[in-house]
Amino acid sequence: MGSTFDPLSTVTDEPAVVNSPPLSNLTQDDLKRIAAYKAVEFVESGMVVGLGTGSTAKHAVNRISELLREGKLRDIIGIPTSTTTHEQAVSLGIPLSDLDSHPIVDLSIDGADEVDPSLNLVKGRGGSLLREKMVEGASKKFVVIVDESKLVKHIGGSGLAVPVEVVPFCCNFTRGKLEEMFREAGCKAKLRVKIGSSGGETAAVTDNGNYVVDLYLERDIGDLEAASEAILRLPGVVEHGMFLGIATTLIVAGKFGVTVKNRFG
Ligand SMILES: O=C(CO)[C@H](O)[C@H](O)COP(=O)(O)O
């Protein structure tokens, strides 16, 4: 982290800052851990901290618990974004609460599936997009931590899914409506399934008892705000995994080092 970077100061339009030596010969998980540890440097004693979900965020939760045990952090209250993170934090002894008791979160740290140049995100390939959006949307600062493979030119650009959480009722109807909505972008909408112990497929169920429809886009969908509004207007949709204008800081670990970027405005 450069000495001028203060995660709690007003965000700036400073260009990306490369501030560490090249990180060669590291695995993707090493890069995730490096980004996560860097983000935890911005956690201060007494903060309410949103705890993200996924293999990158897991490193941040581990690091927070380590610093609590060492006495380098005190009085942290964690707000988990999934039952998985809740269980991890409980097992590590991190004090927890929720948005009902702490409606304002000082700082959230979480991974992402895609990050575009304006710090818009795709999240939810791990299925926790609704709780993540609630917690991270209630945060004064939201630090996104990724390895460089998550950077895309436009949302959907990785060719992997843009998830939408839907109610189970007539989910195939909702799936079809979503596919039709983005037909011009070559959208294929698929209900997310999981393979059971007997080998059969069943719908994947979120922490909120809902299903997920994954949108696979061949082309850029253009106006993201318009797309967001159209998806949210569709009855049957609970939330989508595009996080627009929510992230305040991006930390990327890659073979050229660690890069920090603040969102302007
Ligand atoms: O949105 C998420 C879970 O719903 C995750 O943050 C996202 O899927 C990134 O996961 P990972 O850090 O394992 O690559």
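A short reminder: the numbers here are calculations on the coordinates, not readings from a lab. Quantities reported herein were computed from a predicted structural model and do not represent experimental measurements. Here the Cβ is made from the backbone with ideal geometry for all residues, glycine too, and neighbour counts use every protein chain on show.
Some notes on this structure:
- Pairwise centroid distance, computed over Cα atoms, of region 71-99 with region 102-153, Å: 18 Å
- Net +/- balance of residues flanking Ala189 in space, Cβ distance below 9 Å, scoring K and R +1, D and E -1: +1
- Length gained when the stretch Thr83-Glu225 is fully extended (0.36 nm per residue, less Cα-Cα span): 48.2 nm
- Per-residue ellipticity at 222 nm from helix content only, as computed over the chain with -39500 (n - 2.57) for each DSSP H run of at least four residues, stands at -8000 deg cm²/dmol.
- Additional length obtainable on full extension of the chain from Val167 to Glu66, 0.36 nm per residue less Cα span: 32.5 nm
- In this structure, Arg233 and Lys140 have a Cβ-Cβ separation that, at R0 = 35 Å, corresponds to a calculated FRET efficiency of about 0.75.
- Local electrostatic count, Leu250, Cβ distance below 9 Å [Lys/Arg +1, Asp/Glu -1]: +2
- Over 34 Å [Cα-Cα, the chain], rounded percent: 17 percent
- Assigned charges on the beta-carbon of Lys, Arg, Asp, Glu; the chain dipole about Cα centre (debye): 400 debye
- Rounded to 0.05, the FRET efficiency of the Lys255 and Leu92 pair, given R0 = 30 Å and the Cβ-Cβ distance, is 0.50.
- Distance from the alpha carbon centroid of region 248-265 to that of region 198-225 works out to 27 angstrom.
- Volume per residue for region 162-237 equals 93 cubic angstrom (convex hull of Cα atoms).
- With a Förster radius of 51 Å applied to the beta-carbon distance between Leu244 and Ser198, the computed FRET efficiency rounds to 0.80.
- Ranked by the mean number of other Cβ atoms within 10 Å per residue, highest first, peptides 116-125, 48-57 order as 48-57, 116-125.
- Antiparallel bridges, percent of DSSP beta bridges restricted to the chain (to nearest 5): 60 percent
- Farthest positive-ward along region 162-237 dipole, Cα basis, beta-carbon charges - from Phe173, Ser198, Asn208: Ser198
- In terms of its C-alpha gyration tensor, region 83-226 has an oblate overall shape, because the principal axis ratio a/c (a ≥ b ≥ c, square roots of the eigenvalues) is not below 1.5 and a/b does not outweigh b/c.
- Residue-span extension gain [Ser45 to Glu179] - 0.36 nm each, minus C-alpha spacing: 43.6 nm
- Sorted on the mean count of surrounding Cβ atoms within 10 Å across their residues, most packed first, peptides 96-102, 257-263, 173-179 read 257-263, 173-179, 96-102.
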